[in-house]
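What follows is one structure encoded as structure tokens, with my remarks underneath.
The values are calculated or read from the model by the stated rules, or taken from the named source; none is laboratory data. All values derive from a computational prediction rather than experimental measurement. Reconstructed Cβ throughout: ideal geometry from the backbone, glycine too, with neighbour counts over all protein chains shown. Keep in mind that these areas ignore ligands, DNA and RNA; they rest on the heavy atoms of the full protein, side chains included. Shrake-Rupley method; radii C 1.70, N 1.55, O 1.52, S 1.80 Å.
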Amino acid sequence: MARVSQEHLDARRRQILDGAALCFARNGFHATSMQDVLREVDLSAGAVYRYFSGKEELIAAIVSEVLDEVRAAFEAAAGQTPPPPLDRLVGAVLGRTLTLRENLVLDGQPAFPRLVVQVWSEIPRNDELAAVLREGYTAVRAAWGRLVELYQEDGRMRADVPPDHVARTMIAVVLGFIAQQALFGPAPVDVLRDGLRALMSMTDAGPEA
């Protein structure tokens with residue numbers, strides 16, 4: 001019997017995750033059945049269940065993958081000397097996250113923003129998913145907090161604001177930008193990057209009377 005390569009296994013897993021992501025983005029987690037996923041990926045039940053035990057494991061894998069990518073990117077940035085400017089860093093990380101999922105399309109529009117909103121809507125009734133998100137976002141917050149400390153140490157950011165306050169704010173900004181894409185349609189990441197750059201240029205002094 002021919003041995004299946006790791007590359008083949010990884011590609012099949014990717015196929016299943018992407019198909020499930022499209023189903024969840026289209027119909028929501030609650031309304032999506034495993035039969036929907038099987039039809040989307042055009043695989044047998046045995047082929048899919050070899051990788052995932054059910055919907056809970058699928059959505060947890062999708063969420064964990066995204067948050068692990070984001071956390072790793074911010075941790076890598078914290079290892080640079082000096083770390084890249086905040087606006088460029090956020091633009092690069094979000095841009096990469098969206099680009100890696102640009103093959104996920106529904107009705108001619110990117111599906112990822114819709115998927116994110118669907119995941120949020122499931123939190124109040126799905127304790128397991130909420131726990132996965134809480135763990136992932138806590139790790140992202142910690143990575144962001146470390147970056148803020150570095151910005152404060154080298155004088156690029158005011159030091160009288162707790163790093164975690166900034167981390168929470170940046171997460172809110174990014175999630176809000178994604179929610180806008182789900183509501184209003186796609187927008188280039190340059191919009192967010194430029195907006196952050198403008199906000200960063202503000203000073204305490206207002207216009208003269």
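Some notes on this structure:
- Value of Rg/Rh across the stretch 130-209 [Cα atoms, Kirkwood radius]: 1.04
- Exposure ranking of 8, 165 by accessible area [1.4 Å probe, largest first]: 165, 8
- Each other residue within a Cβ distance under 13 Å of residue 106 adds +1 if Lys or Arg and -1 if Asp or Glu, for a net charge of -1.
- Cα-based Kirkwood hydrodynamic radius, the chain, one decimal, Å: 18.9
- Under 5 Å from the amide H of residue 106 lie the amide H atoms of 111, each residue being 5 or more positions distant or on a separate chain, with H modelled from the backbone and absent for Pro and chain starts.
- Nearest-ten-degree value, helix 86-99 long axis tilted from longest Cα axis of the chain: 10
- Degrees between helix 127-153 axis and first principal axis of the chain (Cα, 0 to 90, nearest 10): 30
- The chain: calculated mean residue ellipticity at 222 nm from DSSP helix runs of at least 4, using -39500 (n - 2.57): -23000 deg cm²/dmol
- Solvent-accessible area per residue, Å², over the chain with all protein chains present [probe radius 1.4 Å]: 57
- Per-q log10 I(q)/I(0), the stretch 111-174, q = 0.12, 0.26, 0.29 Å⁻¹ (Debye; single scatterer per alpha-carbon; no solvent): -0.40, -1.07, -1.19
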